[in-house]
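Here the structure is laid out as C-alpha cells; the discussion comes afterwards.
The values are calculated or read from the model by the stated rules, or taken from the named source; none is laboratory data. Because the structure is predicted, anything quoted here is derived from the model rather than measured. A quick note on method: Cβ atoms are made from the backbone with ideal geometry, for glycine too, and the neighbour counts reach across all protein chains shown. Please note that ligands, DNA and RNA were not included when accessible areas were found on the heavy atoms of the full protein model with its side chains. Shrake-Rupley method; radii C 1.70, N 1.55, O 1.52, S 1.80 Å.
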Amino acid sequence: MADEVMHDKLARVPLWFGEPSKDAISAEHWVQRITSLQTTNKWSDAVTAGHAYHALRCTGLDFYDSLVTDCKNVHSWEFIK
C-alpha cells in the first residue's frame, strides 16, 4: 500500500503557478517532469497537453490563455512546451 501511495505522488503533474514565490521547481524542470510522465504513461501529445493545462494556476494559466487568444495550437504539448 505504501508503495502505491508513493507511486501516485511521484506520478502527479506538479502544479505550475508561473510565480517563483509559489513554484517549487523551475519552468524547465516542470516541462521535464511532464515530458517524463508522458513517456512513462504513454500519453499522446494531446493528452499530455490536457494534463499540463489542468496543472496551471495564476500566471501559468494566463500564459495558456494567451495562447488560446492568439489562436495557437494549445492541444499540442510539443507546441506548449
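To keep it simple, each residue is scored yes or no on (1) open to solvent by less than 90 Å² (accessible area, probe 1.4 Å); (2) at pLDDT 90 or above; (3) more than 18 Å from GLU78 (Cα to Cα); (4) not in a loop (DSSP other than H, G, I, E, B).
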residue	(1), (2), (3), (4)
ALA24	no, yes, yes, no
GLN32	no, yes, no, yes
LEU37	yes, yes, no, yes
THR40	no, yes, no, yes
**Q.** Breaking point among (1) in a helix (DSSP H, G or I); (2) without any contact (Cβ under 8 Å) to a residue 40 or more places away in the chain; (3) surrounded by 15 or more Cβ atoms within 10 Å (Cβ to Cβ), for ALA46
**A.** (3)
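So which residues in segment 49-81 are assigned to a loop (DSSP other than H, G, I, E, B) and acidic (Asp, Glu)? First the steps, then the outcome.
Residues of segment 49-81 assigned to a loop (DSSP other than H, G, I, E, B): 55, 57, 70-76, 81.
Result: ASP70, single match.
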Q) Looking only at segment 57-72, which residues are modelled with pLDDT under 95, under 14 Å from the mean Cα position of the chain (by Cα) and of a type in the set (A, V, I, L, M, F, W, C)? A) LEU61, PHE63
